Amino acid sequence: MTEKKIKIISFLCNWCSYGAADLAGVSRMQYPADIRVVRIPCTGRMSPKFILSAFREGADGVWVSG
Amino acid sequence: MDSYTKKIRELASNLLKDNKVDMVIGFNQGTIPMATSPQVARTPEQALEFVWNSNCSINLANYLSNQKGKIGIVAKGCDSRNIVTHIIENKISREQLHIIGVPCTGMLDKVKISSSIDGEILSYSEEGDTITLKTKSSEQNIVKNDFLASNCETCTHRNPVIYDDLVADLVTEQKIDDPFKDVRKIEEMDSDAKWNHFENLLENCIRCYACRNACPLCYCPTCFVDESDPQWVGKGQNNIDVRTFHFLRAYHCAGRCTDCGACEQACPMDIKVRDFTRKLNKDALEIYGWEAGLTLEQRPPLDTFNPEDPDEFIK
Amino acid sequence: MDKCIACGLCAEKCPKKVDNEYEEGLGKRKAIYVKYPQAVPLKYSIDAKNCIYLTLGKCKKCEEVCPTKAINYEDKAKEVTLNVGLIIISSGCKPYDPGEHDIYGYKNNKNIVTSLEFERMLSSSGPYGGHLVRPSDNKEPKKIAWLQCVGSRDNHLGANGYCSSVCCTYAVKEAMLAKEHSHDSLDTAIFYMDVRTHGKDYEHFYNRGKDESGIRFVKSRVQNIVPDSETGTQIIQYIDETGKRQKEEFDIVVLSVGLCIGNESIELAKKMNIGLDHYNFVTTNSFEPVKTSKPGIYVCGAFEAPKDIPSSVIESSAAAGMAGINLAESRWSLTKTKEKIEEINVTGEAPRIGVFVCRCGTNIAGVVDVPAVVEMAKKLPYVEFAQENMFSCSQDTQDAITDVIKEKKLNRVVIAACTPKTHEGLFQETLTNAGINKYLFDMANIRNQCSWIHAEAKEEATEKAKDLVRMTTAKVALHAPLEEPKLEIDQSGLVVGGGVAGITAAQTLAQQGYHTHLIEKESKLGGQANNLYKTWQGEDIQTNLSALIKSVEKNDLIEIHLNTEITGVDGFVGSFETHINKNSKDETLKHGVTIIATGASEFKSDQYQYNEDERVITGLEFDKLLVNENLDLKEKNTAVFIQCVGSRIKERPYCSKVCCTQSIRNALQLKKLNPQMNVYILYRDMRPFGLREDLYTEARNIGIQFIKFDFNEDFSVNSEEDYLQILFTDTSLRRKMEIKAQLVVLASAIIPEKNNKLGPLYKATQNADGFFMEAHAKLRPVDCSTDGVFICGLTHAPKPIDESISQAQAAATRAVTLLAKKTMNMQGTVAYVDQGICSSCGVCVSICPFSAPTFTKEGRFEGKAEINPVLCKGCGLCVASCRSGALHLKGFDTNQIFAQIFALNDESDKGSTNTIQVYKKDSAEAAV
């Protein structure tokens, strides 16, 4: 059985989580390649519309972090 | 209720007579039983057509958006709370308004009544708590409190929160032990049950936007559903777009909704759209101790930036 | 070093493992390494002592693998001579080493760790990946103890007499974090002498730890730890509150080690010939808190005294400012300006996108199939050109990109490489050099957030890289050239409040060469300091205050406005207009920056017979008696100081910080006046923090009685004819006590002006206690979140004079960093309003933390919102809040973010995911 490929759209705050995701890279932490990061200037920029449209595009999950 | 009607007519016609206002917004009898209709009176004579009964559930604050001049308005508890929100959100100024406050004893659920009565209702009258309905073949008395609209059953702000005149003495507010029982029930469902609940809930939506049009909170020059650049939501009937419309409409009401019930009353498909707004009302109350439209001093919690915002939800 | 691109291949291949100092020896690193992942600049270096090639002459593995030939084994330490006018020392401190005089058995027990080691243990990038485990056997701990004052407040050999000031708060933090990290309910106990959480908001933090997190606080000085070799636990014996001896086992014991001065710092101080005290801290004067004994040399941070991060950052600004005063004349004299390249107008052109995919040596290309990404990019809409680069950031590639942009007439650029956090600026410059607006650019992060973290999943990483490039390209197509608003800065400042902080701030601004208005509502300057007697170091406050006042009075650049109230404020950073009422006359002052230093007042109790009996006075009133050299004081037989009157209570949960020291100093003064006098200090926790501990020691030696009273029991002061009766419960004796005294001094809280009207006027927020809030407690401790407004002194938080002064100097210095620029280039990524569809509801106006949106005052769009681009920080709160969709954010606009989301799936590659493609056509694409 093949594993289903999943996609998780991540909306990351430029000032914290996006930088943290970069640092995870510098530290070579390994994790599954399922996330697709969208950089936003602040989680205050986040609109429910983005979440809904991400699901509409077939995203399996949405992660907002900031 | 006749005393209410009398007082409203008297106050409204005096306001117009004395040129204190350019118009008064109230209700007239309507053309069919149990369906009053909003009316704008510009002359004292027109004001004499005003009525008040337990079918005046339409939220008149809706007619205030961006009006010019001095306006008199008949307002029960929920209307007055929406007037407060309108003032906060610059839709009208307090100085423009003369509010005829109506201490409310609840409005009727027409669907509930007509489904319990055989035959077409041909006439309607009310006396205290007793409502008399006539059909072709019979005359029936029902008790008003058994047929209240569901939002009126849990209402704890029946008295107007701001007013310039009152048509009667203030009424005693209801004490409700668990005002959000219905919401809790949905919250407690497992995710499959929840999914089914909401799928069934929106199944019949025809996207007529009557809920939006009836809502005094929806006054944007261009609603997001009508916007094409960017197009926030598709115009068709597919499930995702229907849900998107309802979710976003509810979000736009978060912290602002007074649970006046106008959306549900307006829905031709009898969709319980208040399931969404009531959940947000519950959250606003539990997280921020907030009920919309009770004060002119403060903007709704989601309108403000506060570094000390309670942030439990983020953990 | 210039060639190193921090790919990390060298460290990966280096065969030599050594203990990692940054992980406090708990983890390993290689002989070629970066000290920690956040290091700036992020460059690898060789540890010559451990490098196999440099020690044994063989290896050179790193040279073999380095893709940029950055390895230089010949690199040596160089001696460099710098000619400077002034020096600032910030050499800091080092943690106390509990292994030197090892009374706890720290060296031989893995489960006894220092607080710094514990920090690493908690860190997700630390030796245990953030999983809280017992070092001896990697089992999850059930109980952890913290022992406070290890190496501090201790006169034994090798330890230090002073309080290290920061350990109580960090222990609370560590215990809270440990509880959050733990899967089961973790028991945490902090063994303390006094809980000293005296910094701003620290008391709230302590209360949270105690009441919400359930950390146990045990007042007991633990003398030794007995390890149990069978269970791996540590046994601690102590006396509990009821006086009973207790024995408890802990999995981990954390030693809350203090701060002390390292030998290098002492050597440095000797070389520079600056004075050190008996603990080797740099001696300073309370009125010149960052100035060393040697002219031209300034100090900041923990080399001056043990202190926390906010105080250190404040002092660093103060020191920079004080040094800068001497350099004010030569400002900008060494600055070079860059030649400006004419920008090509691309408005109206269809997008012509260039996509450059970086191989980053093997960093990206080793995992991601870069040619495949390029091939995919070539087929994307509007892409005119796509190619791969070996190192996109190298100078020759930059030049090549510039040429391609010109040659292919590209008007949008995507670089798929590392991260915009480090390289956005560099690539934007490339665009600028090619004559293209720098905002017509974006990056796809395919290194840090792709190849580096999916090293083993090449196929998936390639798919992800394609998605990211596609998403970014879709976004960039919608980018527009942006202008950066320019702001002229009025070359003057305004300081509100004429107390010590305000005067110092005004003085500092003027010394830096700026015209300054100093506003005071009273008829004289000085504020609360007019009542104060001496600093804890014994400096006379009145003498110093009058010297300070004189210096501002005779400074031509300072305009002092006494009897003045602020009635209104217009404008914003760079061009404030403050309306004042001065001696009943209205005036308007223009200024570029604002410093709020409105101070605070002393709490007046309605208990303890205060106001009823004149023998009961407040701490400040007592100081005033000393200032006036009141002789009656000598005649008293017994005096009692009651601490925390109005502080650390439910209505006022904060600590007033200064009262413990003030009471000790005044108690000592009483003893000096009359050595026979009985002097008592009744306290909850004595908090003479830092070097002030010496004063506390002195007071105890001289016979002043310190009694810890039980806060939860009744406490009363009763007036009798000959004496005041003080009734309370002693916590050590656990019984009721009575003292008969002739004088009671209430060490009363410092209270800020709640709902200070300056708050809304200058858009500065006050916290729940009523103190003004800084933009960031650690990083921007004197800035308000509103640009151009700064805070200092008691209006920010309770603090002693030396801290008020350094904060005032810091606030003025931060203000100067704005003034000195003369004009400011703001960012282009700001919000704007489509006024045609604005509903005037005012959400944006209400929600913006920076006051950027306002209602248009006149014209066709009167009443609609508009954004002041100068104040906008581009956070997008307003955009997300706008129900009408009238707000837009340049650079992160709704359609741009939608474009990214809509490009999640490859249209040409249907069926690759479970996407609901059918829905897409009917609506979504319209947004692009």
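Put the Cα centre of the range C:488-532 next to the Cα centre of the range C:551-624 and the gap is 10 Å.
Taking amide H positions as modeled 1.01 Å from N, with prolines and chain starts lacking one, no residue 5 or more places away or on another chain lies under 5 Å from C:Gly435.
Provide, for the range C:387-474, the number of lysine pairs with alpha carbons under 20 Å apart, each pair being eight or more places apart or on different chains. For the range C:387-474, qualifying lysine pairs total 6.
Could you tell me which GluC sites (Glu not before Pro) in the range C:222-290 are loop residues by DSSP with no more than 14 other beta carbons within 10 angstrom of their beta carbon? Working shown, then result.
Numbers: sites: C:Glu230, C:Glu241, C:Glu248, C:Glu249, C:Glu264, C:Glu267; in loops: C:Glu230, C:Glu241.
Answer in residue order: C:Glu230, C:Glu241.
Compute the Cα gyration tensor for the protein assembly as shown, then decide on rounded, prolate or oblate, letting a ≥ b ≥ c be the square roots of its eigenvalues: rounded whenever a/c is under 1.5, prolate when a/b is larger than b/c in the other cases, and oblate in all that remain.
On the way: a/c = 1.69, a/b = 1.22, b/c = 1.39.
It is oblate, given that a/c is not under 1.5 and a/b is not larger than b/c.
Comparing Cα centroids, the range C:796-849 and the range B:214-256 end up 35 angstrom apart.
Compute, for the range B:33-189, the length of the dipole vector about the Cα centre, with Cβ point charges of +1 (Lys, Arg) and -1 (Asp, Glu) only. Units Debye, rounded to 20.
Numbers: 17 positive and 23 negative charges, 103 e Å.
The dipole magnitude comes to about 500 debye.
Placing +1 on each Lys and Arg Cβ and -1 on each Asp and Glu Cβ, with no other charges, gives the protein assembly as shown a dipole about its Cα centre of roughly 2420 debye. Scalar couplings 3J(HN,Hα) for the range C:862-879, obtained by applying the Karplus form with A = 6.51, B = -1.76, C = 1.60 to θ = phi - 60°, are 3, x, 7, 6, 9, 10, 8, x, 6, 8, 6, 9, x, 7, x, 4, 5, 4 Hz; x denotes Gly and Pro. The distance from the alpha carbon centre of chain A to that of the range B:71-129 is 46 Å, rounded to a whole number. Using just its DSSP H runs of length 4 or more, each adding -39500 (n - 2.57), chain A gives a mean residue ellipticity at 222 nm of -8500 deg cm²/dmol after division by all residues. Straight-line reach from C:Lys736: which lysines have a Cα under 21 Å away, not including same-chain ones fewer than 8 places off? By straight Cα distance, C:Lys736 reaches C:Lys219, C:Lys244, C:Lys708.
Would you mind ranking C:Arg196, C:Arg684, C:Arg216 so that the residue whose beta carbon has the fewest other beta carbons within 10 Å leads the list?
Working: C:Arg196 29, C:Arg684 18, C:Arg216 15.
Fewest-to-most Cβ neighbours within 10 Å comes out as C:Arg216, C:Arg684, C:Arg196.
The gain in end-to-end length when the C:Asn224 to C:Leu42 segment is fully stretched comes to 61.2 nm, 0.36 nm per residue minus the alpha carbon separation.
If each residue's Cβ is checked for other Cβ atoms within 10 Å, how do C:Trp332, C:Trp146, B:Trp52 rank with the fewest at the top?
Values: C:Trp332 9, C:Trp146 30, B:Trp52 24.
Taking fewest neighbouring Cβ atoms as first place, the list is C:Trp332, B:Trp52, C:Trp146.
Amide H contacts for C:Leu525 (H built 1.01 Å from N in the peptide plane; partners 5 or more residues away or on another chain; cut-off under 5 Å): none found. Computed from phi, the 3J(HN,Hα) profile of the range C:367-382 under the Karplus parametrisation 6.51, -1.76, 1.60 (θ = phi - 60°) reads 10, 8, 6, 4, x, 5, 5, 4, 4, 5, 4, 4, 8, 6, x, 6 Hz, with x in place of Gly and Pro.
Evaluate the relative contact order of chain C (contact order divided by residue number), counting alpha-carbon pairs under 8 angstrom at least 6 apart; express in whole percent. Mind dumping the intermediate values first?
Working: 1896 pairs, mean separation 96.5, N = 928.
It rounds to 10 percent for chain C.
When only Cα pairs below 8 angstrom with a gap of at least 6 residues are kept, the range C:681-751 shows a relative contact order of 22 percent. Couplings 3J(HN,Hα) of the range C:270-277, computed from phi: 5, 4, 8, 6, 10, x, 10, 8 Hz, in residue order, whole Hz [Karplus 6.51 cos²θ - 1.76 cosθ + 1.60, θ = phi - 60°; x for Gly and Pro]. Under a Gaussian network description of chain B, with springs only between Cα atoms under 10 Å, the residue in B:Glu126, B:Glu188, B:Glu203 that fluctuates furthest is B:Glu188. Rank C:Ala505, C:Gln609, C:Asn111 by how far each Cα sits towards the positive end of the charge dipole of the protein assembly as shown (+1 on Lys, Arg Cβ; -1 on Asp, Glu Cβ) and give me just the farthest. Farthest along the dipole direction, towards plus: C:Asn111.
Using only the Cα atoms of the range C:463-619, build the gyration tensor, take square roots of its eigenvalues as a ≥ b ≥ c, and label the shape rounded, prolate or oblate: rounded if a/c is under 1.5, else prolate if a/b is larger than b/c, else oblate.
Working: a/c = 2.63, a/b = 1.87, b/c = 1.41.
Prolate, since a/c reaches 1.5 and a/b exceeds b/c.
Placing unit charges on each Cβ (+1 for Lys and Arg, -1 for Asp and Glu) gives the range C:1-70 a dipole about its Cα centre, and among C:Cys4, C:Thr55, C:Asn20 the Cα reaching farthest toward its positive end belongs to C:Thr55.
Rounded to the nearest 500, the 222 nm mean residue ellipticity of chain C from helices alone is -7500 deg cm²/dmol, with -39,500 (n - 2.57) taken per DSSP H run of at least 4 residues.
For C:Tyr608, the residues 5 or more places off, or on other chains, whose built amide H falls under 5 Å of its own are C:Val717.
Taking 56 Å as R0, compute the FRET efficiency from the Cβ-Cβ separation of B:Asp2 and C:Lys486 and round it to 0.05.
Calculated value: 0.20.
Exposure proxy shown here: for C:Phe287, C:Phe790, the number of other Cβ atoms within 10 Å sets the order, fewest to most, as C:Phe287, C:Phe790.
A short reminder: the numbers here are calculations on the coordinates, not readings from a lab. Not measured: the values here are computed from a predicted model. Cβ atoms come from the backbone with ideal geometry, glycine included; neighbour counts cover every protein chain shown.
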